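A short write-up of the structure that comes next.
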Amino acid sequence: GRGIKNSQVYKKVMPDYLMTFGRGWNEYIHNNVPTIELGYTKNIGINHIKEEKIPERITFISHSVFFSRMCQFIEELLVIKNDLKREFYLRPHPSDFVNGKIKEYKEFCRKHDIQIDFERDLYKSLKKSKVVIGYESTVLYESTAMNIPTFLPKLFLQGHLNDNLFKIIKSPKEMADILDSPIEMKPQRQESFFDKNWRENYIFFMENIVNK
């Protein structure tokens, strides 16, 4: 939280600069480090994805550190919304393909009769989603940039996030209530998340900041 952010220990391990894809990434993070908006080339690809949205699809973005928490959240949500279980898609974190966790994903999804998301193109997967749920991942910013309602189950670690961007939910019951109602989220300007001038921004950073 803010207390950790302002501590001397925290400041020692932080870099001199944080480089982000665009303004939208750093407007909602509390930090004391100068932020350089470099941009990202993927913004072009996002605009041309033709995937159809699946009306009730709920995509859970997993993370190695929070895998067991995510499983518990899904299990509790299934107790309330079991009628939607075939629309639950659990997407592994890329690191889980090399750390041996994929077997756990498959076993969990098989046990609860939900889908595992192996779509290679992240943006196609997001485009199909009605909502996205996750704990800690840059994917949550990307889904928000695509104007997909994005929800975070509450954790004590999330003091660095500004909930004007994500909707932080307190429990599976609250998430179930949200799913039963029309979902409205503040629309985001994609260009603020993916600055197009990445090459020029990087050259400027190297020439005028690093080598000044």
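Sorting the segments 120-129, 64-73 by their mean number of nearby beta carbons within 10 angstrom, highest to lowest, gives 120-129, 64-73.
Which pairs in the list K53/K111; K106/K167; K85/K167; K103/K127 are over 24 Å apart, alpha-carbon to alpha-carbon?
K53/K111; K106/K167; K103/K127
Legend: residues F97, F88, sorted from most to least accessible area (1.4 Å probe; ligands, DNA and RNA excluded), read F97, F88. Just so you know, the averaged projected area of the alpha carbon convex hull for region 97-142 sits at 4.0 nm². If you take the Cα centroid of region 110-151 and the Cα centroid of region 78-108, the two points sit 12 Å apart. Straight-line cross-link partners of K154 among the aspartates and glutamates, defined as a Cα under 17 Å from its Cα and at least 8 positions apart when in the same chain: E75, E76, E136, D163, E174, D177.
The values are calculated or read from the model by the stated rules, or taken from the named source; none is laboratory data. As the structure is a computational prediction, the values presented were derived from the model and not from experiment. Positions of Cβ are generated from backbone atoms using ideal geometry, with glycine treated the same way; all protein chains shown enter the neighbour counts. For the accessible areas, the whole protein counts, side chains as well, though only heavy atoms, and no ligand, DNA or RNA atoms are used. Shrake-Rupley method; radii C 1.70, N 1.55, O 1.52, S 1.80 Å.
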